[in-house]
Amino acid sequence: MDRRRALGIGLVVVAGASFASGSIFATLSYDEGLDWLTLLGWRFLIGAGLAWLWVSLSPSRRASVRGLSRRQLAVTLALGAVYTGNAGTYYAGIETIPASLAGVIVYIYPVFVALLSLRFATRLPGRRPWFALVLAVIGIVLALGGVDVSADLPVEGILLILASAAIYSVWIVLSARLSGERRDRLGSDVPADATAARDAAGTTAVMMSATAVVFAAMAAIAGEPLDPRTVPSAAWPYLVGIGLLASFLAIQTLYAGARRIGAAQAALVSTTEPVFIVVLSFLVLGQRLAPIQLIGAGLILIGVIIAQTAPRPRGAPEPATPLEAEVEG
């Protein structure tokens, strides 16, 4: 495995762990009396603030933002609005159905991404990754096992989670295309003078800003403006945590990782997220791991290993040289 591919996989795994922390921080925040809209508003306000701070610390990152064309800026802002739909439907859905069931449903999104990538991005090469994808999906169901489906579940909650998976799939593929990915190349293969949005830091800062503005507007319309005086003091550490890890770090690393390995591969690798959710739930919330969950976690990891150790078929896009602005900046 070459250095660029390994770096891309590592970035996506970090993104998965960071996104997983969001479920833990959300649970702890709800216990302090926050609702999903207030939580998401502060999550992205903090995440966007940290992203712009990160951009301001590097001349190359500042230049990348100034270098965005009007079209790129418009698309990036639109992607931020699209992400609002993903986060909003998911967190609204888990208010009505068990979070574990929501996790099972939403993680059909790698299948959606793989299918969308057949037409709009770099497809999974060969048969081995598709087998690994099936194995990972089975592992997700087992890792998030123990769900009580005997009770009546509101259809609207299930539909919200399905909508979240669909919206997230579209967001990943569109983000990959913004970075320059196409069916015959990865985002990292785009020439330096091309029109793609190459720098993850600047692009994701703009995206999160758009997401934050939309959620802030939604909260104001709902009669619950984002007033720091209304946030319980005990909830602030969780809001900072979800803003730092599940927003700033997660979205930065996912975007940068997908540029290196492609949207479909990134979605497959990100199926490690339920493993992190299970482990963090045990460590932070004291939830014990059932044997079936351990088996499922193992299948997920095996699936990712199978996919990422597969030889690349002849003609499949190869990653290019790392961007110094992202690796060293």
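A few notes on this one:
- With a 1.4 Å probe rolled over the protein heavy atoms of all chains, the accessible area of 162, 79 falls in the order 162, 79, largest first.
- Percent carbon-and-sulfur accessible area, the stretch 213-274, ignoring ligands, DNA and RNA, probe 1.4 Å: 72 percent
- All Cα-Cα separations within the stretch 1-91 were binned at 5 Å from zero, giving a P(r) of 3, 10, 13, 18, 21, 17, 11, 5, 2, 0, each value a whole percent of the pairs.
- Normalised alpha carbon radius of gyration of the stretch 201-295 [divisor 2.2 N^0.38 Å]: 1.38
- Computed accessible area, residue 32, all protein chains, 1.4 angstrom probe, square angstrom: 70 Å²
The values are calculated or read from the model by the stated rules, or taken from the named source; none is laboratory data. None of these values were measured; they are calculated from a predicted model. Heads up: the accessible areas ignore ligands, DNA and RNA and are worked out on the full protein's heavy atoms, side chains in. Shrake-Rupley method; radii C 1.70, N 1.55, O 1.52, S 1.80 Å.
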